[in-house]
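Take this structure, written in structure tokens, and hold onto it; I'll ask about it next.
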Amino acid sequence: MSLLEIRDLKTYYRADGGWVRATDGVSLSIDRGETVGLVGESGSGKTTLAKSIIRLFPDNAEIHGGSIDYDGTEITDLSDKELRRRIRWQEISMIPQNAMNGFDPVYTVGQQIVQVIRHHEEGVSKADARDRARDLFDELGIEPDRIDDYPHQFSGGMAQRAMIALALALGPSLVLADEPTTALDVVIQDRILETIKEKQAEIDSAMIMITHDMSVVSETCDRIAVVYGGRIVEIADARTIITNPRHPYTLGLRNAFPDISDDDQELISIPGTPPDLVDPGEGCRFAPRCPFAEEDCWEITPEPQEYEPGHFVECHRADEIDYLQSAAGEKSTWQDATTGDRDAVVDGGIVDTSGADATETEGGSADE
Amino acid sequence: MSTDTDTTPQGAVTGLEKRIEQLRDGLGVFKGDRLGQIGIALVLVFVFVGVFARPITIEFLNVTIPGLAPHDPNARAVGGRLEPPSLAHPLGTTQLGRDVLSQLIAGTRVTLLVGSLAAFMAVFIGTNVGLISAYYGGWVDDVLMRITDIVYAVPFLPFAIVLVAIVGSSIVNIIGAIVLILWRSTARVIRSQVLSHKQRPYVESAEAIGASDVRIMYKHILPNVLPLAFLYAAFAVGYAVIAEASLSFLGFGDPNMLSWGEMIFTVYTADAIRQAWWWVFPPGIAITLFVMSVFFIGRTLEKVINPELRHQE
């Protein structure tokens, strides 16, 4: 049995124009000790999906349907208090995007770790909790004496390590890592990912890694789920997603990342902007930006199809894999895409760079 | 979290050292700020005078610390009527032959009491209202902020006069009247600060960790907005002292409690205001000096809140 089983989850935000369907019918299961990557551009709903699991979203968000089964407990039925007492941090913890701001500036980092341990585990003395915090620091490669420092005295990489220490302090079964390395430079990034992987293996916890960086997920994840317009459009093991994707969006996403071994590679961005999630209507949500969109794509919402064991794709044309893969490598395919726009969702011919934006830092409000 | 019960002696030492260092950092804003230093010095003098104004008897030690006031401020005819300053009575006497200097010293206590108590209570209420209002938002915010708006519309003196006229004029009622008006500005300012703080990532972290609303509000957000509350407390002290003096001068003060405002009221009713300058000036100057020094301190504290001010010198 899997650790976490999400079925047809719908998380909507209340907005002026109606409901923003940030997560619209997502199913995902995660096994113990497994790492699943959620990739997608800003505003695709990947953060909303992850935060729905511990109900950590703003007041205007609501779970509209679906179920989240965590180790036999239906999380959507838990009261806020039960969720706080039993699930949050003890079972499911989180590594936030910007660790520097994730700590309360008025307490030392050590005090915050001690607080967390003593808040959730009864009868732990302050001294014991402090010792555990020091041990954690040591294991994560930070000088143990620095637990008496304030968050602002830490460098970005160190703060991120400290945040990992905090996230793992209670030995959770599932860790939600929300772009844990986005704010860091590449060298530190690599070391942090290494640290996360080591510690994760040690306490045997599962992880959901949210990112828009393909290289990060390919390195750390067992499986990758590609999120677009509030849905998982393709999910498979990491290798398949990187080498043999079937969904045009995944192909486009892959194009937007540089391959260091290929000098002549030209980056190709996906034109257009993410879909309007207030009223997505019928049809494939990627159709307005998809160079391969056909009549059916505009009218019939694709259902997930299993192509190989564990490889699900939501695309009408996913069986034409050879053609898709070869055509997607051509820049002209993508540039011409918007001219074929049927309902003029995007003005014809305008090549938007929002696909490439995915490599930069996140700013989408629906994503927060 | 303020006390660090460290088991290792070495850790305890570094903890203590850190705390001292922090305190020094906190007081660092007063460094090189002449006005702030003057403010602190003056307030310390006033506090000293206020505490030791009258003899203090410690029962179980059987000790009496003599008061600073040379005479009983209420004793009549310790000198002649309306005597100008002399060696025996450095600030002269009142129309009933009371010693003005003793009255001034005794009045310090009441002024400090009213100022600090009213300011503390007003800021306490204001901070809580602002915190709860901003944190919960929605109808809670609406209700609390509309109440604040109503209080903003109430003019202080007429309100206090009516209140004191109804419930009687005692020191408690005067403090009550001041508090009922004074909390409003703190509430608004704290609310706006909390609105910004509750969006910050550390609050989300605390939520993810499983902290309850009360814990997030009082353990995480409050310490972050506390410097602002301190600043408003400093200004509130000054405002409360002026308010008390105004009420007393208008004759609504506590008749049993001698305050500076009460002194000026007595000069006025004795019709001696044009002639007995030695009786008018001391309380007037004392009020001015005290309020000024409190504002100097507030002005310096403002630099903690707004670091930009530090570079403007």
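Can you confirm whether region B:218-238 contains a residue that is buried (at least 22 other Cβ atoms within 10 Å of the Cβ), under 30 Å from A:Leu170 (Cβ atoms), within 14 Å of chain A (Cβ to nearest Cβ) and without any contact (Cβ under 8 Å) to a residue 40 or more places away in the chain?
Yes, because at least one residue in region B:218-238 is buried (at least 22 other Cβ atoms within 10 Å of the Cβ), under 30 Å from A:Leu170 (Cβ atoms), within 14 Å of chain A (Cβ to nearest Cβ) and without any contact (Cβ under 8 Å) to a residue 40 or more places away in the chain.
I'd like to check which helices (runs of 4 or more DSSP H) are fully inside region A:52-159 and have at least 1 residues that are more than 12 Å from chain B (Cβ to nearest Cβ) and out of contact with any His (no Cβ under 7 Å at 6 or more places or on another chain).
Passing ranges, in order: A:126-139.
When both residues are 6+ apart or on different chains and their Cβ atoms are under 6 Å apart, which pairs have a first residue that lies in region A:116-133 and is without any contact (Cβ under 8 Å) to a residue 12 or more places away in the chain, and a second that is of a type in the set (Ser, Thr, Tyr)?
A:Ala127/B:Thr7
So is B:Val294 out of contact with any Gly (no Cβ under 8 Å at 6 or more places or on another chain) and closer than 27 Å to B:Pro90 by Cβ or not? If you could, list the steps in order and put the result at the bottom.
Details: out of contact with any Gly (no Cβ under 8 Å at 6 or more places or on another chain): no; closer than 27 Å to B:Pro90 by Cβ: yes.
It is false that B:Val294 is out of contact with any Gly (no Cβ under 8 Å at 6 or more places or on another chain) and closer than 27 Å to B:Pro90 by Cβ.
Now a separate question. Go through (1) surrounded by 22 or more Cβ atoms within 10 Å (Cβ to Cβ); (2) assigned to a helix (DSSP H, G or I) and name the single condition A:Ala177 misses.
Of everything listed in (1) surrounded by 22 or more Cβ atoms within 10 Å (Cβ to Cβ); (2) assigned to a helix (DSSP H, G or I), A:Ala177 misses just condition (2).
Restricting attention to region B:110-168, which residues are within 21 Å of B:Ile216 (Cβ to Cβ), part of a helix (DSSP H, G or I) and in contact with an Asp or Glu (Cβ under 9 Å, 6 or more places away or on another chain)?
Residues satisfying the conditions are B:Ile132, B:Ser133, B:Ala134, B:Tyr135, B:Tyr136, B:Gly138.
Which condition from (1) free of Cβ contacts under 8 Å to residues at least 60 places away in the same chain; (2) closer than 30 Å to A:Leu78 by Cβ; (3) under 23 Å from the mean Cα position of the chain (by Cα) is the one that B:His197 breaks?
Single failed check for B:His197: (3).
Being in contact (Cβ under 8 Å) with a residue 24 or more places away in the chain and hydroxyl-bearing (Ser, Thr, Tyr): is that true of B:Ser205 here? Before you say what the answer is, go through the steps one by one.
Details: in contact (Cβ under 8 Å) with a residue 24 or more places away in the chain: no; hydroxyl-bearing (Ser, Thr, Tyr): yes.
Judged against the criteria, B:Ser205 is not a match.
Among (1) away from chain B (no Cβ under 11 Å); (2) in a loop (DSSP other than H, G, I, E, B); (3) in contact (Cβ under 8 Å) with a residue 60 or more places away in the chain, where does A:Leu170 come up short?
A:Leu170 satisfies every listed condition except (1).
Here is a follow-up. Test each condition in (1) within 14 Å of chain A (Cβ to nearest Cβ); (2) more than 25 Å from B:Arg146 (Cβ to Cβ) for B:Ile174 and report the one that comes out false.
(1)
Now for a different question. Specify which of the listed residues (B:Ala134, B:Ala69) is touching a Lys or Arg at 6+ places or on another chain (Cβ under 9 Å), under 28 Å from B:Val237 (Cβ atoms) and surrounded by fewer than 23 Cβ atoms within 10 Å (Cβ to Cβ). Let's see the steps before the verdict.
Values: B:Ala134 fails: surrounded by fewer than 23 Cβ atoms within 10 Å (Cβ to Cβ).
When all the criteria are applied, what remains is B:Ala69.
Mind listing whichever residues of region B:177-214 are surrounded by fewer than 21 Cβ atoms within 10 Å (Cβ to Cβ), among the small types (Gly, Ala, Ser) and away from every other protein chain (no Cβ under 14 Å)?
Listed by number, the residues that qualify are B:Ser185, B:Ser192.
Looking at region B:190-205 only, could you name the residues that are part of a helix (DSSP H, G or I) and either closer than 16 Å to B:Tyr136 by Cβ or among the aromatic types (Phe, Trp, Tyr) (or both)?
If the condition is that a residue be part of a helix (DSSP H, G or I) and either closer than 16 Å to B:Tyr136 by Cβ or among the aromatic types (Phe, Trp, Tyr) (or both), then B:Ile190, B:Arg191, B:Ser192, B:Gln193, B:Val194, B:Leu195, B:Ser196, B:His197, B:Tyr202, B:Val203 are the ones that fit.
Could you check how many residues of region B:279-294 are buried (at least 20 other Cβ atoms within 10 Å of the Cβ) and farther than 12 Å from B:Thr111 by Cα?
The number of residues fulfilling the criteria is 4.
What's the number of the condition B:Phe159 fails, among (1) surrounded by fewer than 19 Cβ atoms within 10 Å (Cβ to Cβ); (2) within 14 Å of chain A (Cβ to nearest Cβ); (3) not β-branched (Val, Ile, Thr)?
The number of the failed condition is (2).
Mind checking which pairs have a first residue in region A:144-159 that is without any contact (Cβ under 8 Å) to a residue 12 or more places away in the chain and a second that is part of a helix (DSSP H, G or I) and among the acidic types (Asp, Glu), Cβ under 8 Å, 6 or more apart or different chains?
Listed pairs, sorted by first residue: A:Pro144/A:Asp135; A:Pro144/A:Asp138.
Values in this text are rule-based calculations from the coordinates and carry no lab data. The shown structure was predicted, so the numbers you read here are calculated from the model rather than taken from an experiment. Here the Cβ is made from the backbone with ideal geometry for all residues, glycine too, and neighbour counts use every protein chain on show.
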